[in-house]
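Asks: Sharing a structure with you now.
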Amino acid sequence: MKNIVKIFKLSLVVAGSLSALTSAVVAQELPNRGPIEFSTYDTNKDGFISEKEFKEIQEKRIAQKESAGMPMRNAGNAGEFAMFDTNKDGKLTEIELLKGQNKQMQNNQGNRGMGQGMMGQGMGQGFNMPNFEDFDLNKDGVISAKEMDEAREKRMDEKSSEGRMMKNMGNQPPFSEIDTNKDGNISKEEFLAHQMKQRQ
């Protein structure tokens, strides 16, 4: 009988440890602020985010913040699935998620005009950040290093001719920083992901 009691107590300790471990894993997976990565939302790893996956991760993040006693600033602006699902097919692609997250971050910044654009701090602030299409000059769906240089030069010329300040032009991110998979081109996903980091 004593052995059964010991086993029961031990199983309770193990169950409690697993529960704490699961909470720690969730806490590690979900950042307390800023955007959540596509791979975290896509829990079944099918390459899309369902509405169920989207809501479950949002709920986990809210619960995680509540349990940590963190302020719930902008919780009301979390964004509904429908806002992200622009083609209304009931699932999100990585581009839909990134576009929605960028739009959401712009809305949260409001009139603060903060954030670094692709052109460096102080350039392309807030809502004035350049679009992928501004750099994809040949419209082939990717940005080459040459296109990046040409587009940046064009933007500098435009700002200069308008008499606008050219602060921190030396802080422009190098092409290699945006080209995260190092294939020599910047995809729309890479571009949007980098813009989002700049806004944080």
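Here, each number is a calculation from the coordinates, and none is a lab measurement. What you are looking at is a predicted structure, and each value in this text was computed from that prediction instead of being measured. All Cβ positions, even for glycine, are placed from backbone atoms using ideal geometry, and neighbour counts span all protein chains on display.
Asks: Figure the gain on full extension for E56 and D183 (residue separation times 0.36 nm, minus the Cα-Cα span) and round it to one decimal in nm.
Replies: Full extension from E56 to D183 adds 42.3 nm.
Asks: How many nm is it between the label spots at K154 and E80, if each spot is 7 Å from the Cα in line with the beta carbon?
Replies: Inter-label distance under the simple model: 3.8 nm.
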